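Student: Submitted below is the structure of interest, expressed as structure tokens.
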């Protein structure tokens, strides 16, 4: 009964929607440099002391992915400065305040959403969300909230003329610099996750009017596919879904070693020592 | 007593002596009977600060510990008899590679992302069946076992049922478990 009741609580798949969903977490941590440089263990049961390249509390999140070119350069540079500061430290240094990341269950912005900018020169205009960043709780809207910037820095040294482009700047979600648009009256609103009528799925509803804001299909896009049904399998490298889910397990009263020996034709020629049960 | 050359000009350097271990009670200057516990020289030993010693080498700092004598990096296939001084090969210690035949093997290094779609379909269908029937046991009776997600767990009861269930039932019918 407990299992059945637990099964009846619907899951929240919107928590996992992200463009970089399939990036390995160890790789992401390494690009952030929030991995231990040295672990001091063997302390008579006391917890290990870890000396990080950059302590996770000192990591500064940004809108860009940590493995992008400029981001990884800045992370490496910062870890070097971090280590130098630790070596030359004479006083206790307070860490920067922790970045208060919004909970994934409260995040309601996805790529492809129609939003309205609430600050800046484009205040009041509506646009589509281009990318989101849950670490820094901000959003980039297509074509809005822009700043004139150089497209390729240092291109003049390479003989290319300087090119200027209006570059979108991040808009903070936690500070309400950008809000979702209510499909009922095209006005800005706040959203939250709520169970639908039958109670089998979570939907995103406007807090003001109660209308459902559907999740755009662009939210499910990842590095690997646009839609998981249309994932292009690589011949010879990807195992098809049918082969993955095929059930080949045959229960048998035997240990793993016995099963392997039987299957591989390995014969046991030694005579075991006698055992006694008391 | 100093193991590392320390600058006499009062200039701080990167020698390990300038960076004592974070805990003070293991080595506080006391040696011998007065030490509290084992002395763990971790600061400047393997592994290094940037993993520059991927493997343990007997040549590191000319330590050559006793346990690493004749260290060849491979598994031994015998032992030296202390009495006769000869090497005794042991058949069980010799590695023998038994390689299965993988012709027509279907699994590949990666798993297609379409598998997630299939799993989601099966999970939704099974959860719907559970809600309809009211319990997992009743839902399992009306579900194709190969289509169930998550797959049924293999428990001791299930294994006993599959291996000895029929035998126990037939013996019970024949009255072999009576009180007589």
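Student: Checking the conditions here, which among A:21, A:30 is within 14 Å of another protein chain (Cβ to nearest Cβ) and either exposed (fewer than 14 other Cβ atoms within 10 Å of the Cβ) or in a loop (DSSP other than H, G, I, E, B) (or both)?
Tutor: A:21
Student: If you take the residues of the stretch A:211-262 that are within 7 Å of another protein chain (Cβ to nearest Cβ) and part of a helix (DSSP H, G or I), which of them is farthest from residue A:15 (Cα to Cα)?
Tutor: A:243
Student: While we're here: Which of the residues spanning the stretch A:182-202 are under 25 Å from the mean Cα position of the chain (by Cα) and surrounded by 15 or more Cβ atoms within 10 Å (Cβ to Cβ)?
Tutor: A:191, A:193, A:202
Student: Let me ask something else about it. Quick one: which of A:171, A:128, A:144 is touching a residue at least 40 places away in the same chain (Cβ under 8 Å), outside the structural domain of residue A:70 (by the TED database) and on the phi < 0 side of the Ramachandran plot?
Tutor: Only one candidate qualifies: A:171.
Student: Got at least one residue in the stretch B:122-133 being within 8 Å of chain A (Cβ to nearest Cβ) and under 26 Å from the mean Cα position of the chain (by Cα)?
Tutor: no
Student: Out of the residues in the stretch B:151-180 meeting the condition of being part of a helix (DSSP H, G or I) and over 40 Å from the mean Cα position of the chain (by Cα), tell me which one is farthest from the other protein chains (Cβ to nearest Cβ).
Tutor: B:173
Student: Could you count how many residues in the stretch A:250-267 are surrounded by 11 or more Cβ atoms within 10 Å (Cβ to Cβ) and on the phi > 0 side of the Ramachandran plot?
Tutor: Residues in the stretch A:250-267 being surrounded by 11 or more Cβ atoms within 10 Å (Cβ to Cβ) and on the phi > 0 side of the Ramachandran plot: 0 in total.
Student: Among the candidates B:148, B:114, B:137, which residue alone is facing chain A (nearest Cβ under 10 Å) and either touching a strand residue (DSSP E or B) at 6+ places or on another chain (Cβ under 6 Å) or closer than 23 Å to residue A:233 by Cβ (or both)?
Tutor: B:114 is the lone residue from the list that is facing chain A (nearest Cβ under 10 Å) and either touching a strand residue (DSSP E or B) at 6+ places or on another chain (Cβ under 6 Å) or closer than 23 Å to residue A:233 by Cβ (or both).
Student: Then there is this: Please find, among A:36, A:10, the residue that is at pLDDT below 85 and in contact with a strand residue (DSSP E or B) (Cβ under 9 Å, 6 or more places away or on another chain).
Tutor: The conditions single out A:10.
Student: A further question on this structure: I'd like to check something: does the stretch A:100-116 contain any residue that is crowded, with 18+ Cβ neighbours inside 10 Å and at positive phi?
Tutor: Checked the stretch A:100-116: no residue is crowded, with 18+ Cβ neighbours inside 10 Å and at positive phi.
The values are calculated or read from the model by the stated rules, or taken from the named source; none is laboratory data. Remember, it's a predicted structure, so these values are computed and weren't measured experimentally. Every residue, glycine among them, receives a Cβ derived from its backbone with ideal geometry; neighbour counts consider all protein chains shown.
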